[in-house]
Amino acid sequence: LDSAQQKVESNFYDIRKQLFKYDEVLNNQREALYKERRRVLESSYLRDCIIEYAENSIYEMIQFYFKNKKKQLATHKVYLINQLTYLMGLKDSWYNWDIDDYSAEELISFCFQQVYIAYDMKELYLENHKPGVIRQLERYFLLEQIDQRWKNHLQQMSLLIEAVS
């Protein structure tokens, strides 16, 4: 009986130890999130941050597509084209655009240039019609994205905990 009790207590101790490590990791992630939110709230010029996020998204999508090109279905190509079209701020998708005619580097460079052009045009348009509104929209957009991703992350962590329990 004493041996069984020790095993049970040992298991509970290990579980509490793992939960403590999990809480520590989640707390570090929370601190990183708060730091990013603080940076957004305290910055007066967020254009570069938005451009950087767009560049990172484009780079990752294109690299993933080209890395897994042989396994990709036609629907993956259409999805990538739709996502790139959206990120570049174009109104119509380029369904006839054959991205396989370009190298990953050429496509990334082209998309970056399109993002710069589209953002510059939107920025000029908004500044001419409502001065200062672009900076408010940048802040709102970034905070919304950060918060949404954090909520999704917490939801996934909850599902993970339920699956493990």
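With respect to residue 102, is the statement that it is within 24 Å of the chain's Cα centre (by Cα), within 27 Å of residue 63 (Cα to Cα) and of a type in the set (Phe, Trp, Tyr) true? When the stated conditions are applied, residue 102 does not pass them. Against the definition (free of Cβ contacts under 8 Å to residues at least 60 places away in the same chain and either under 25 Å from residue 134 (Cβ atoms) or surrounded by fewer than 12 Cβ atoms within 10 Å (Cβ to Cβ) (or both)), how does residue 36 come out, yes or no? No; evaluated as a whole, the condition is false for this residue. The condition of being closer than 30 Å to residue 69 by Cα and not charged (D, E, K, R) holds for only one of 108, 134, that being 108. Scan the stretch 99-122 and tell me whether some residue there is without any contact (Cβ under 8 Å) to a residue 12 or more places away in the chain, among the acidic types (Asp, Glu) and either under 26 Å from residue 150 (Cα atoms) or open to solvent by less than 40 Å² (accessible area, probe 1.4 Å) (or both). Within the stretch 99-122 (the criterion being without any contact (Cβ under 8 Å) to a residue 12 or more places away in the chain, among the acidic types (Asp, Glu) and either under 26 Å from residue 150 (Cα atoms) or open to solvent by less than 40 Å² (accessible area, probe 1.4 Å) (or both)), the answer is no, since none of the residues qualifies.
Scanning the stretch 44-65 for residues that are open to solvent by 30 Å² or more (accessible area, probe 1.4 Å) and without any contact (Cβ under 8 Å) to a residue 40 or more places away in the chain returns 48, 52, 56, 57, 60, 61, 64. A residue that is part of a helix (DSSP H, G or I) and in contact (Cβ under 8 Å) with a residue 24 or more places away in the chain occurs somewhere in the stretch 69-81. Quick check: anything in the stretch 132-153 more than 20 Å from residue 44 (Cα to Cα), charged (D, E, K, R) and exposed (fewer than 15 other Cβ atoms within 10 Å of the Cβ)? Checking the stretch 132-153: at least one residue is more than 20 Å from residue 44 (Cα to Cα), charged (D, E, K, R) and exposed (fewer than 15 other Cβ atoms within 10 Å of the Cβ).
Considering only the stretch 46-64, I want to know if a residue exists there that is assigned to a loop (DSSP other than H, G, I, E, B) and modelled with pLDDT of 90 or more.
yes
Kindly indicate whether any position in the stretch 116-134 is at pLDDT below 90, assigned to a loop (DSSP other than H, G, I, E, B) and basic (Lys, Arg). Within the stretch 116-134, not a single residue is at pLDDT below 90, assigned to a loop (DSSP other than H, G, I, E, B) and basic (Lys, Arg).
The values are calculated or read from the model by the stated rules, or taken from the named source; none is laboratory data. Keep in mind the model is a prediction, meaning the values are calculated, not measured. Cβ sites come from the backbone with ideal geometry, for glycine too, and all protein chains shown count toward neighbours. Calculation scope for accessible area: heavy atoms of the full protein, side chains included, ligands and nucleic acids excluded. Shrake-Rupley method; radii C 1.70, N 1.55, O 1.52, S 1.80 Å.
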